[in-house]
Structure formats: structure tokens, C-alpha cells
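The values are calculated or read from the model by the stated rules, or taken from the named source; none is laboratory data. Every value quoted in this text rests on a predicted model; they were computed, and no experiment measured them. Methodologically, a virtual Cβ is constructed for each residue, glycine included, from the backbone with ideal geometry; neighbour enumeration extends over all protein chains shown.
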Ligand SMILES: Cc1cc2nc3c(=O)[nH]c(=O)nc-3n(C[C@H](O)[C@H](O)[C@H](O)COP(=O)(O)O)c2cc1C
């Protein structure tokens, strides 16, 4: 195992290299203004992370259309009004020495009407009284992802991370369970993957050769099929369409429970693919220096830090100082998070996560 290897730089196919192997996972914190502009709390949070020693910092899931919103006070990138705040965030990350990426998000069928969201299901019947979006609407949302990426570039971000996980729109379209369309975006695997592929290709074309594109993929739930996702990933790797794949596992040690790959780790199903120049990382309970180091031995190029980065914003610096560093254990008291500089808005968001904030703690 090689904790010191976590501090070796990592080149990417486009743009500058990561200074080390730590990437901050996207973390929704529900502290933006109601119209999606970054608030002072967003800035404070990003500044803390920016100085935490990460090779790359991803923002929280950020709406590419106002109708694609899932969470109250979600950060937005669907309007030029969002640019000043985003530019400030990009600058803060860059000043801290890390690369930056905006996570591009559309909630699809789970867009929340109470927040102005317009559910955009792949199929009829998934949302009561709501028809599947038309082919033209799919293309409009695809273009919104691309426009949002341009805006991220204009704001000074090094790249974007395309949210293809957790049943949100791109993951929804990939799923044979949620997508029963008859147009070119449904049916065969190639058709169900088309939305994702067109978003990635469109961003590359619009943003040019220096811009970094990550893709987040989850495997569990939403009717997603591991074998299919592996096949799409193999094509994306083979064509070197992205700079990095971010595997959104909830436990990086998770085993495959059924099918062709039963008995292997989910991670190995992807690390054994020929990834050419594309980099691969995983999230999922990386709560110690040793576990992060082990994952390099398991074939990852980098690791994504989620909850451990909320508990200790400078996780990479802690690991640099102590190769046996272990994250504080969950749940924590609200006061602990307050002392770490989290806003009440963020703490309230975390109260919604099972086992994050100790029940009844103030
Ligand atoms: C508070 C919180 C907010 C999250 N927000 C997002 C998000 O905006 N986008 C996303 O793709 N994943 C999100 N996730 C998932 C994390 O990025 C990460 O994949 C997951 O927490 C597993 O990593 P961990 O075990 O290191 O926390 C969130 C997780 C937490 C705990």
C-alpha cells in the first residue's frame, strides 16, 4: 500500500494535471440563494475546501435548467446571473492550487415542482399525469448541459463533471426500467446511452481541447444494469471521450451480488477495462489514509472524498501529515459541524442524511 503515491501528480488528457490524487466529491449543501446564485455561505464553504489540499474540487450538483431543480437552494448555472458567484468560486479554488469542476445536473423525472422544477421523465407513467418528454425536449436539455459547460468555462473552471448517476436524467435515460422510449433516445443500449454521449461530445466541441470533462456514473438501483454500464464505459474509454470517470459507489469495497460479475468488486469490473488515457476514481466510504492508498493498489488513479471531506475539509492535508489518519466517526453533533465552519443551512441539509448529525443535537 502506498499512501505517499496519493501525492504524485496525475496528468489528464486535457488541461492541467492534478497536483495529487485527491478529488473532492460533489456535495449538495443547499445554501445558495433561491434563484441559484452562489451565496456568501457557498463562497465560505468553497474557500475552506480550496485550501484543503485537493487535486481537484467539484462543486455540488448545479442546475443546467431552472426546471431541472431537485433541491431547495440548489446552486445554478443556467443563467448568466450565476456567473459572478461562480467566477468567485472558480478563483478561490484556483488560488488554493487545485483544479475545479462544476457538476452539471438535471433532475429529470425527479425535478421538484414545488421549487419550480418541471419533471422531465424519459417515459410515460413514471410521474403521474406527466408524459415523457419529446425528442425535441431531450435535445433542448442536452443543449442546456452544453451551454452550462460553456458558462463554467467562462467563469474560469477547469472543467465540468457530467452527472450521470443516481437516477437523475442521464442515468434515467440509460435505464431500461425507466426508459421505454421509441425514439432515438430509447430502446437499444446505444440509443439509451445517446443522451449521455451527445452531452459529452457537445461539451468537447463547444469548450475546446483544454477543457476537462468528468463523468459520474452509479451502478445501483434505478433499474441500471452493470453489464450495460460497463459496455458504455468501455466505449467512452476507447474513444477517450472524457478525462476522468468518477464511479459513484456508496462503498468502494462493494461486491457484485448477481450476474456475470458476481463475487468481484464493483470497482474491479471497471478498473479491468482498458481505459487508455482516461483516469478512473471511486467514491465510497473512503474515511482513512490507508483506505485511500489501498484504492490506488486496486487500480484507481485517484480517490473521491465525500463525507470525510465534510468532517474534515482538509482531508488531503491531514493524510499528508499522517499516513495513518482516520476521519472522525459519524454521526457527529451539530456543534461539531458548526465549529468546522459549516453554515446552519448546510447543517440542516445534513440532518436529512441518515446517521450524519446525531439526532437531537443542536
Ligand atoms: C451531504 C452529501 C451531499 C451529496 N451531494 C451530491 C451531489 O450533489 N452530487 C452527487 O453526485 N453526489 C452527491 N453526494 C454523494 C457523494 O458525492 C459521494 O459519492 C458519496 O457520499 C459517497 O462518498 P463518501 O462515502 O466519501 O461520502 C452527496 C453525499 C453527501 C453525504
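Taking the listed residues 317, 342, 330, the one that is on the phi < 0 side of the Ramachandran plot, part of a helix (DSSP H, G or I) and within 23 Å of the chain's Cα centre (by Cα) is 317, with no other qualifying. Within region 100-115, is there a residue that is away from the ligand (no atom under 16 Å from the Cβ), under 24 Å from residue 45 (Cβ atoms) and within 19 Å of the chain's Cα centre (by Cα)? No, the conditions are met nowhere in region 100-115. Annotation: of all residues in region 60-84 being closer than 14 Å to residue 157 by Cα and touching a strand residue (DSSP E or B) at 6+ places or on another chain (Cβ under 9 Å), the one that is surrounded by the most Cβ atoms within 10 Å (Cβ to Cβ) is 77. One residue stands out among those in region 1-35 that are over 28 Å from residue 240 (Cα atoms) and within 15 Å of the ligand (Cβ to nearest atom): the one that is nearest to the chain's Cα centre (by Cα), which is 28. One residue is enough: does region 105-117 have a residue meeting the conditions without any contact (Cβ under 8 Å) to a residue 12 or more places away in the chain and in a helix (DSSP H, G or I)? Yes, region 105-117 has at least one match.
Test residue 49 against the stated conditions and say whether it is farther than 20 Å from residue 163 by Cα, within 16 Å of the ligand (Cβ to nearest atom) and within 17 Å of the chain's Cα centre (by Cα). The answer is yes for residue 49.
Filtered by the rule that a residue be surrounded by fewer than 19 Cβ atoms within 10 Å (Cβ to Cβ), touching a strand residue (DSSP E or B) at 6+ places or on another chain (Cβ under 7 Å) and not in a loop (DSSP other than H, G, I, E, B), region 247-273 gives 255, 271. Please find, among 108, 164, 85, the residue that is at pLDDT 95 or above and over 24 Å from residue 245 (Cβ atoms). None of the others qualify; the one that does is 85.
Per-residue answers, yes or no, for (1) touching a residue at least 12 places away in the same chain (Cβ under 8 Å); (2) farther than 26 Å from residue 50 by Cβ; (3) assigned to a loop (DSSP other than H, G, I, E, B):
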| position | (1), (2), (3) |
| --- | --- |
| 142 | yes, yes, no |
| 153 | yes, no, no |
| 160 | yes, no, no |
| 167 | yes, yes, yes |
| 181 | yes, yes, yes |
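Looking across region 213-261, the residues that are closer than 17 Å to residue 178 by Cβ, in contact with a helix residue (DSSP H, G or I) (Cβ under 9 Å, 6 or more places away or on another chain) and within 16 Å of the ligand (Cβ to nearest atom) come down to 217, 218, 219, 220, 222, 224, 229.
Test residue 91 against the stated conditions and say whether it is within 27 Å of residue 244 (Cα to Cα), in a helix (DSSP H, G or I) and either touching a residue at least 60 places away in the same chain (Cβ under 8 Å) or over 21 Å from the mean Cα position of the chain (by Cα) (or both). Considered against the rule, which asks whether it is within 27 Å of residue 244 (Cα to Cα), in a helix (DSSP H, G or I) and either touching a residue at least 60 places away in the same chain (Cβ under 8 Å) or over 21 Å from the mean Cα position of the chain (by Cα) (or both), residue 91 comes out as yes. Taking the numbered list (1) in a loop (DSSP other than H, G, I, E, B); (2) over 21 Å from residue 218 (Cβ atoms); (3) within 15 Å of the ligand (Cβ to nearest atom) in turn, residue 285 passes all entries but (2).
Within region 135-181, the set of residues being surrounded by fewer than 23 Cβ atoms within 10 Å (Cβ to Cβ) and closer than 15 Å to residue 58 by Cα comprises 153, 155, 156. Here 303, 319 are screened, and the one residue that is within 16 Å of the ligand (Cβ to nearest atom), closer than 23 Å to residue 166 by Cβ and buried (at least 21 other Cβ atoms within 10 Å of the Cβ) is 303.
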